[in-house]
Each structure stands twice: as structure tokens, then as C-alpha cells.
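S.K.: First the structure, which I've put down as C-alpha cells, then a few questions once you've had a look.
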Amino acid sequence: MVKITNIVFYKLIFNIGKKLRNPSLNNWFNFLKESERWSLSSIKTYQLKKLQKLIKIAYNQSDYYKQIFDKIGIHPSEIKTLEDIQKLPILTKSDLIKNKSTIQTSIKFKKVFKANTSGSTGQSLNFLRNESADSFNRASIFRGYSWFNVKPWELNGYFWGYNLSIFKRLKLKLLDVLQNRFRIFSFEEKPLLKFIKKLKKANFLHGYSSMIYEVAKYINKNNLSNHFKLKMVKGTSEKIFDSYQSEVKKAFGLKMISEYGAAETGIIAFECSKGNMHINMEGVIVEVIDNEVIVTNLQMTSFPVIRYKLGDYIKLAPKEKKCSCGMKHLIIEEVTGRVGSIIYGSKNNYPSLYLYYIFKNLGIENALFLTYQVIQKSKGNLIFKVAETLNKNDLVLVKKEIEKYFKHDLVYEIIDHQNLNSNNQQKTKSFISEIG
Ligand SMILES: [Zn+2]
């Protein structure tokens, strides 16, 4: 009998799965490994070519886009430069949800996948993603892995999917086994210790950033941080607070890197080994208008997503910023937060982005890195919950910073030493508005 090692086995399973599910993944991966060495102008030339093709497809094969392009009187032939994208209208999530059946193109694909994403109002968007776009997206993630010398078939710990039904758990377990992956379903002591023990053998860890942070804290508190051999710790889906990094570094010897994307846009950016979030420019065009990110997915032709307001505030790095990793892909300096509902003062309204500034300033100017959640239950009132314990001096600094932005238009309360992820059932939101 031929004896095969574990890792060869998982590589084999990975390759079989790839052939069956994502036949074009290899080609995309090879393409992306080559294009990561391109100059910025070559990348932009590629983007323009893809954009023109996408707009043509949208106009000719999607009833929705045909109608809205005709209405504003624009024809695909008028898209001659990347800047011409600004002639097209901006779409919101509710536009996509309301018009999903007419946005879907009439192209007959050999293979499509069902994708869905939930909206902030609870509405969900489901659409079909063509195989090429799905494979491109996976290849983009795996290119990111390659920067950390991580192979997708290596043993990995995963934080995702809580409180699911027994049936769903079994299905996930099976998928996990095939992907050499293990996950945790509960934060009780016993499963947590088991997870950490297994993590000692793992090569990477990924999932919700707040959960990675919680586990890091637990590891540090209980002196369990020896002997990890992780090559990458990747946070997704949630904001990675600066306050997370020191615990994560202490526990795993690595900083948490960020993967940024959404189902409808694909991967938007992936952090390189030098700590910069490079835009996945072969897959998306990123614009920033009033601090908000507008994304065009260049690869998905089954369901064109053009100039889409994803709902995040971001900050781009200056165009001339160079990364020592050598890639010329533009850099997102920070995903500053979700575009939330407005904060209501007694007299004025404020963007929830202010909260980000307040806590960012505290970190930069006072080395006070806090994990926070702010809740508005009524107009003119705010509750600031903070995970850390604040001393008198800290409290003065926090108050000063809050009043800098809201003056005396708000009554607020600061509560420290809070467990912000107590139920582990949902993402930790930095701002919750209970005003309808
Ligand atoms: Zn870089």
C-alpha cells in the first residue's frame, strides 16, 4: 500500500475539488501571480479593457442597465478612459435588491453558483455568480495567501458560523474535513481549549476579527501562547480595531492582517506581508466619494455590479505611496467603518464616522487603544461602551475627545470594562442606532 502523508492527501483533495468546482481557478491564479508584478499603468490598461467589456455586456444583456444607461443617454462606446466611469450612475444595495432579476444578464453560462448576502435592513440579496468570477475571487484570496507562503490546503483554524442547527453543523464539519479546516462553535472553556490545542499544529487562522481577538486574549490570560507555528492570522468581515493587534501579536507572534471584500464585489483588497492593503485592481475599480467606497466588480458578468455603494467609509493612501513588497497596486490606508445611520444630537446630526475619529485620535495622540461600541437609544443621547478598564486620566481624555466632535449637543455615558462580544452570535458593530 502506498503511504501518503497528510499534507499530500489534502493537496490532492484540494486539487480534485478545484477541478470539479472551479476549473478556471488555476489559470486565474497564474494570471494574478504574473500581474502582481505589473506596473500601475499596465494594471490600469487591463482595468479599462475589462471595464469596457463589462459595460458592453451590461448594456446588451441586462435589461436593468440598458434601461438606466438609456435614461441618462450614455452608450458603452463613450467609455474611453477609466475616468469615464463617472458618467455612470451609482447604485445602492436596495437598487440591487429591488432589481436583481433584471440585473442578471441573459448570458448562458456553463456553470453558475448561488451567492447571497444580507442587507443591513435584514433584506437579503441573492444572485448568480459565473464560474469564472467565482474562481477569480478564490484565486485572489490564494494570491494573498501566497504572500505569506500559505497553501490553501494546509491545516487551518476558522471562526465562522455560530449557533447553527445540528444539520448545518454536520454539513460544515464535512466541508471542514475536506478543506483541512477546523472551527469552534462555542466559546465555552472545553471546546476553546480543544481548539487552541489543535491550533498549535495549524499553519493559519482566519475568520471574524473580534473572535480572533477574543481567543488571543484568552490565550494571553492563561499563558498558552507557546509553540504556535502560524504563518498568517487573517481577519475578515469586521473592522480590525487597532486595540486588537497587541493581544494578537502577543498570542500568535503575528499581527492580524486584513482581507476586505463582499459577496457582490469580490475581494476588494488584501494586506501584504509589509502591512499594506493592496487593492485587488484586476478584480475591482475602487472610487472614493465623500469618504465612501464605490466598487465596480470587473469580473462578474452574470450579475454586473457597477459603481456600487457598498456602505463602508474608507481612506486611500496617497497615490505616490510605495510599498516595499514591490507591488504597484494602490493601497487602502484604512477601512474606517460602516456607513451607519446618523447620530442625532439635540440640535444637529452627525455622521457615525465621527466615532472612528474620536477613537483613532485617542490611539494616535494618547496611545489609548480602545475597543468600543456606541449605542444611540434616543436623540441627543449616546452610550459609549468600552472593553478596556479606564482610569481617571483615560476618562478625561475620552470625554475631551467626545466633546471635540459633539460639543455639548449630546448627553453621553461612558461605561468601561464591557464584554462587547458576549453572545458571540453576531459581528461586533461599532455603532448601533435604535432610532428607527
Ligand atoms: Zn505591499
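S.K.: Could you please find all residues in the stretch 263-287 being within 12 Å of the ligand (Cβ to nearest atom) and part of a loop (DSSP other than H, G, I, E, B)?
M.R.: Scanning the stretch 263-287 gives Cys272, Ser273, Lys274, Gly275, Asn276.
S.K.: Could you check the stretch 308-334 and list, in sequence order, the residues that are of a type outside the set (A, V, I, L, M, F, W, C) and more than 11 Å from the ligand (Cβ to nearest atom)?
M.R.: Tyr308, Lys309, Gly311, Asp312, Tyr313, Lys315, Pro318, Lys319, Glu320, Glu333, Glu334
S.K.: Related question: Name the single residue, out of those in the stretch 145-171 being part of a helix (DSSP H, G or I) and at pLDDT 80 or above, that is farthest from the ligand (Cβ to nearest atom).
M.R.: If we take residues in the stretch 145-171 being part of a helix (DSSP H, G or I) and at pLDDT 80 or above, then Tyr145 is farthest from the ligand (Cβ to nearest atom).
S.K.: Take Ser341 and decide whether it is in a loop (DSSP other than H, G, I, E, B), at pLDDT below 95 and not basic (Lys, Arg).
M.R.: Yes, satisfied.
S.K.: Residues to consider are Leu368, Leu390, Leu362; find the one that is more than 16 Å from the ligand (Cβ to nearest atom), in a helix (DSSP H, G or I), buried (at least 16 other Cβ atoms within 10 Å of the Cβ) and not assigned by TED's automatic domain parsing to the domain that holds Ile43.
M.R.: Step by step, each of Leu368, Leu390, Leu362 is checked, and only Leu362 is more than 16 Å from the ligand (Cβ to nearest atom), in a helix (DSSP H, G or I), buried (at least 16 other Cβ atoms within 10 Å of the Cβ) and not assigned by TED's automatic domain parsing to the domain that holds Ile43.
S.K.: Can I ask one more? Only one residue in Phe228, Phe241, Phe252, Phe270 is open to solvent by 20 Å² or more (accessible area, probe 1.4 Å) and of a type in the set (Phe, Trp, Tyr). Which one?
M.R.: The unique qualifying residue is Phe228.
S.K.: Then there is this: Quickly run through the stretch 128-141 and pick out the residues that are out of contact with any helix residue (DSSP H, G or I) (no Cβ under 6 Å at 6 or more places or on another chain) and of a type outside the set (Ser, Thr, Tyr).
M.R.: Leu128, Arg129, Asn130, Glu131, Ala133, Asp134, Asn137, Ile141, listed by residue number.
S.K.: Considering only residues that are touching a residue at least 12 places away in the same chain (Cβ under 8 Å) and among the polar types (S, T, N, Q), which ones fall in the stretch 35-59?
M.R.: Those that are touching a residue at least 12 places away in the same chain (Cβ under 8 Å) and among the polar types (S, T, N, Q): Ser35, Ser39, Gln47, Gln52.
S.K.: Let me ask something else about it. Can you tell which of Lys190, Lys234, Lys249 is assigned by TED's automatic domain parsing to the domain that holds Met277, under 24 Å from the mean Cα position of the chain (by Cα) and either of a type in the set (A, V, I, L, M) or more than 23 Å from Arg143 (Cα to Cα) (or both)?
M.R.: Lys249
S.K.: Any idea how many residues of the stretch 75-112 are more than 25 Å from the chain's Cα centre (by Cα) and not in a loop (DSSP other than H, G, I, E, B)?
M.R.: Qualifying residue count, the stretch 75-112: 8.
S.K.: Considering only residues that are in contact with a helix residue (DSSP H, G or I) (Cβ under 9 Å, 6 or more places away or on another chain) and either surrounded by fewer than 17 Cβ atoms within 10 Å (Cβ to Cβ) or not in a loop (DSSP other than H, G, I, E, B) (or both), which ones fall in the stretch 33-52?
M.R.: Scanning the stretch 33-52 gives Lys33, Ser35, Ser42, Ile43, Lys44, Tyr46, Gln47, Leu48, Leu51, Gln52.
S.K.: When the stretch 53-74 is examined, which residues are found to be part of a helix (DSSP H, G or I), open to solvent by less than 50 Å² (accessible area, probe 1.4 Å) and touching a helix residue (DSSP H, G or I) at 6+ places or on another chain (Cβ under 8 Å)?
M.R.: Hits for the stretch 53-74 are Ile55, Ala58, Tyr59, Tyr64, Tyr65, Phe69.
The values are calculated or read from the model by the stated rules, or taken from the named source; none is laboratory data. Computed from a prediction, not measured in an experiment: that's the story for all the values here. Note that we place each Cβ from the backbone using ideal geometry, even for glycine, and neighbour counts take in every protein chain shown. Note: accessible area is taken over every heavy atom of the protein model, side chains too, but ligands, DNA and RNA are not part of it. Shrake-Rupley method; radii C 1.70, N 1.55, O 1.52, S 1.80 Å.
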